[in-house]
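Sharing a structure below in structure tokens format, with a few things to ask.
The values are calculated or read from the model by the stated rules, or taken from the named source; none is laboratory data. In this text the structure is predicted, and so the values were computed from the model without any measurement. Glycine gets a Cβ as well: all are built from the backbone with ideal geometry, and neighbour counts include every protein chain shown.
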Amino acid sequence: MDDNSIIELFRKRDETAIEELQRKYHKLCFYIAGNILSHRQDIEECVNSAYYEVWSNIPPDEPNDLKTYLCHTVKNKALDKLKYNSAEKRNSKFAVSLEELSECIPDYREDIGEEKALAEAISRFIRTQDELHRKIFVRRYWYGDSLAKIAEYYDIKERTAATYLFRMRKKLKAYLKKEGYDHE
């Protein structure tokens with residue numbers, strides 16, 4: 001079933017919408033949550049919570065891209081669970097990638113309008129980068145892939161992937177500063 005049909009089921013409050021969403025995106029949701037959380041029970045809880053949130057929010061939300069909307073919801077649920085599981089104990093590889101990005105991106109989680117504007121600025125920046133760098137950036141910071149996995153996926157050395165990411169973060173920080181998002 002295509003995404004528009006699934007969204008229409010949500011609008012009609014048809015419970016098969018969740019079944020169709022699970023059928024189509026269950027593996028992707030587990031992959032995203034699994035890159036952030038390490039316990040299967042936490043991952044399942046996070047994914048189920050994301051399905052419930054999507055059910056609760058469509059309508060009134062009208063996502064243009066259901067896959068992105070769902071992935072964003074799963075990722076935020078997983079990050080919330082990671083924080084809940086204690087900042088001191090986290091050893092997740094995703095926590096490391098978030099720490100890398102925190103050097104150049106201000107935290108606007110409390111201000112939805114600012115968060116959306118920041119996300120749009122980051123998207124504009126990413127679209128200006130060459131394809132390989134863009135893909136590596138997304139795999140690291142959206143999907144939470146490790147450097148080893150990225151290196152294997154793109155047939156490059158881990159050090160090369162790390163260098164690309166370092167340079168992109170540096171460029172992103174300068175771009176965001178120019179756009180009015182001064183992190184300092």
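Conditions (1) modelled with pLDDT of 95 or more; (2) exposed (fewer than 14 other Cβ atoms within 10 Å of the Cβ); (3) out of contact with any His (no Cβ under 8 Å at 6 or more places or on another chain), marked per residue:
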{"position": "Glu15", "(1), (2), (3)": "no, yes, yes"}
{"position": "Lys24", "(1), (2), (3)": "yes, no, yes"}
{"position": "Tyr31", "(1), (2), (3)": "no, no, yes"}
{"position": "Asn35", "(1), (2), (3)": "no, no, yes"}
{"position": "Ser56", "(1), (2), (3)": "no, yes, yes"}
{"position": "Cys71", "(1), (2), (3)": "no, no, yes"}
{"position": "Glu88", "(1), (2), (3)": "no, yes, yes"}
{"position": "Ser92", "(1), (2), (3)": "no, no, yes"}
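When you scan the range 76-86, how many residues do you find that are under 8 Å from the mean Cα position of the chain (by Cα) and surrounded by 22 or more Cβ atoms within 10 Å (Cβ to Cβ)?
0
Would you be able to tell me the number of residues in the range 111-162 that are modelled with pLDDT under 90 and not in a helix (DSSP H, G or I)?
6
Go through the range 19-47 and report how many residues are within 12 Å of Leu66 (Cα to Cα) and either among the hydrophobic types (A, V, I, L, M, F, W, C) or touching an Asp or Glu at 6+ places or on another chain (Cβ under 6 Å) (or both).
Count: 1.
Could you identify the single residue in Ser38, Ser5, Ser49, Ser56 that is more than 18 Å from Trp142 (Cβ to Cβ) and part of a loop (DSSP other than H, G, I, E, B)? Steps first, answer last, please.
Working: Ser5 fails: part of a loop (DSSP other than H, G, I, E, B); Ser49 fails: part of a loop (DSSP other than H, G, I, E, B); Ser56 fails: part of a loop (DSSP other than H, G, I, E, B).
Being more than 18 Å from Trp142 (Cβ to Cβ) and part of a loop (DSSP other than H, G, I, E, B) holds for just one of Ser38, Ser5, Ser49, Ser56, which is Ser38.
Looking at (1) surrounded by fewer than 16 Cβ atoms within 10 Å (Cβ to Cβ); (2) touching a residue at least 12 places away in the same chain (Cβ under 8 Å), which is the one condition that is false for Ile150?
Only one criterion in (1) surrounded by fewer than 16 Cβ atoms within 10 Å (Cβ to Cβ); (2) touching a residue at least 12 places away in the same chain (Cβ under 8 Å) is unmet by Ile150, namely (1).
Could you count how many residues in the range 120-153 are small (Gly, Ala, Ser) and either under 21 Å from Tyr31 (Cβ atoms) or in the same structural domain as Thr68 (by TED's automatic domain parsing) (or both)? Can you show your working first?
Here is the first cut: in the range 120-153, the residues small (Gly, Ala, Ser) are 121, 123, 144, 146, 148, 151.
Now drop any that are not either under 21 Å from Tyr31 (Cβ atoms) or in the same structural domain as Thr68 (by TED's automatic domain parsing) (or both), which leaves 144, 146, 148, 151.
Here the count works out to 4.
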